[in-house]
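Heads up, the thing below is written out as structure tokens.
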Amino acid sequence: MQLSLCLSKPAQHLKNPIMAASGSGSIMWFRKGLRIHDNPALEYASKGSDFVYPVFVIDPHYMEPDPKAFSPGSRLAGLNRIRFLLESLVDLDTSLKKLGSRLLILKGEPGQVLIRCLKEWGVKKLCFEYDTDPYYQALDIRVKEYASAAGIEVFSPVSHTLFNPADIIQRNGGKPPLTYQSFLKLAGQPSWASSPLLTSISSLPPVGDVGSCEISEVPTVKDLGYGDIEQEWIPFRGGESEALKRLKESISDKEWVANFEKPKGNPSAFVKPATTVLSPYLKFGCLSSRYFYQCLQDVYKNVQKHTSPPVSLAGQLLWRDFFYTVAFGTPNFDRMEGNKLCKQIPWNDDDELLAAWREARTGYPWIDAIMVQLRKWGWMHHLARHSVACFLTRGDLFLHWERGRDVFERLLIDSDWAINNGNWLWLSCSSFFYQYNRIYSPISFGKKYDPNGDYIRHFLPVLKDMPKEYIYEPWTAPPGIQRKAKCIIGRDYPKPVVYHDSASKECKRKLAEAYALNQKLNGQLSQEDLDNLRRKLEQDEDLEPKIRRQRQKVGHRT
């Protein structure tokens, strides 16, 4: 399938694309869906309209600097994701200008800003891509209510996902399917899959008169109040142009696409990542998941054999839809309390351990290198994510998955509300996956892919001269080796915050007891039940060393 965005000769009014409005107009409200190709809302906004106002609202709750946050950024988003979004907006604005339009940037609370625009511009249509996130669901109700009362047509198509989550839930009797296989059975083939998607637009109606509304260009990070923050070099640039370029490169290797098999892949590959790295572009809608799906189907038709869901590349897009559907149909999906899908577990609450994990100070180089990559790049391989999420929760530290989710939500450029929460529920064995005895070792797992420790040496240069025999467990290196490597453990690089063998054993014991209580009480644990279980687990933990010492004495006598 060829993509030809027909950015043909610019319209005559390109230099000044804001025109006096006298006919019918539409607002195209961009939020995600930051693209021209396969954008049904944009297509509908331009149909029969004399003027189209392409709008993006800079939302303070998402963009405003928060000096109290643990890393540069706003209250909700780290600077890497904000930068990626701004790059995507610049790219969208460039594409719109080539079509005789431009992106109108407004600032403020989006609901208030949109309602003011609807009043001032006298448009007949409001178009925007449907969004299942709770924040946008609440926002859209307000805007739709105003538009409806004012006699303005609202068109909000589902184009961020392959399927409409509400349709899948309806087919399942009003409840979301809770397994991937049941989701696939209900979903079937997407209704649009065999029809060509609109991937080319030759021009757009001009922008109408904006009246007194304050319009600006896409701001820079500095414009938003972040000052002269020195930013790391990041190999991922935002925008539809970059998304389509990456897609083209990925699908050009038909053999790689046909044989792609998740969860395989090398999590330590960083010069050339072992995946498409299209997730941030899907998150912001710079790339249409529907177009990606059709491109994959074209490849599959032209190869002798290929992998299938759940492990294939198309299967990954279906996983995305599965999590969107479950999240949309589950109240309190983003927390343990009040979430009927989530096992109630008395996780530990330890700010120091959380900070050590977040700040790459666990003493486990494999874990710390991943957390450095996360902070610097805003992205890491899915198996690397699995490793650090398991370590924080059920593997070693037994800390609440919500705390880890918050860190990922802030730092990942591809952080997606439904998928991020779904994966943390999965990896903490709180929902979807319950084999808590299967743990990612913070030592042997990375070593399997990268025995020389090149990934660790790159992201933790303090360990670059550590011999490969000790790179995954530097605390075991003799003092002379540490001195030679110019890395004294406990001074230049931390000692382990826990010892994996004993910590993972403790985690398994605690989860076994929590699971048993959840089963006994049918998942209906009160806060008092959780507090009582936590006390019991702490008492058992205190007793464990005494019992072990007594056994050792008995063993010595016999």
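The values are calculated or read from the model by the stated rules, or taken from the named source; none is laboratory data. Here the structure is a predicted model, which means the values were calculated and not measured. Backbone-built Cβ (ideal geometry, glycine too); neighbour counts: all protein chains shown. SASA here: full protein model, heavy atoms, side chains in, ligands and nucleic acids out. Shrake-Rupley method; radii C 1.70, N 1.55, O 1.52, S 1.80 Å.
Total residues in the stretch 338-387 satisfying the condition of being among the acidic types (Asp, Glu) and over 22 Å from the mean Cα position of the chain (by Cα): the figure is 4.
In the stretch 510-518 there is at least one residue matching the filter, namely being buried (at least 21 other Cβ atoms within 10 Å of the Cβ) and of a type in the set (Lys, Arg).
Residues of the stretch 411-433 that are more than 25 Å from Lys340 (Cβ to Cβ) and in contact with a Phe, Trp or Tyr (Cβ under 8 Å, 6 or more places away or on another chain): Leu412, Ile413, Asp414. If you take the residues in the stretch 369-427 that are within 17 Å of Asp133 (Cα to Cα) and of a type in the set (D, E, K, R), which one is most open to solvent (accessible area, probe 1.4 Å)? Top of the filtered list is Asp406. Of the helices (runs of 4 or more DSSP H) lying entirely inside the stretch 56-149, those containing at least 2 residues that are of a type outside the set (Gly, Ala, Ser), at pLDDT 95 or above and open to solvent by 10 Å² or more (accessible area, probe 1.4 Å) span 79-98, 110-121, 134-149.
Please indicate, with yes or no, whether at least one residue in the stretch 404-424 is more than 14 Å from the chain's Cα centre (by Cα) and in contact (Cβ under 8 Å) with a residue 24 or more places away in the chain. For the stretch 404-424, residues more than 14 Å from the chain's Cα centre (by Cα) and in contact (Cβ under 8 Å) with a residue 24 or more places away in the chain: absent.
Screening Glu337, Glu249, Glu230 for residues that are at pLDDT 95 or above, open to solvent by 40 Å² or more (accessible area, probe 1.4 Å) and farther than 30 Å from Leu427 by Cα leaves exactly one candidate, Glu249.
Could you list all residues from the stretch 348-376 that are basic (Lys, Arg) and outside any loop (DSSP other than H, G, I, E, B)? Hits for the stretch 348-376 are Arg358, Arg375, Lys376. Just one of the listed residues (Phe323, Phe270) is touching a Gly at 6+ places or on another chain (Cβ under 6 Å) and buried (at least 17 other Cβ atoms within 10 Å of the Cβ), namely Phe323. Entry remark, the stretch 479-509: residues being in contact with a Pro (Cβ under 8 Å, 6 or more places away or on another chain) and loosely packed, with under 12 Cβ neighbours inside 10 Å number 0 in total.
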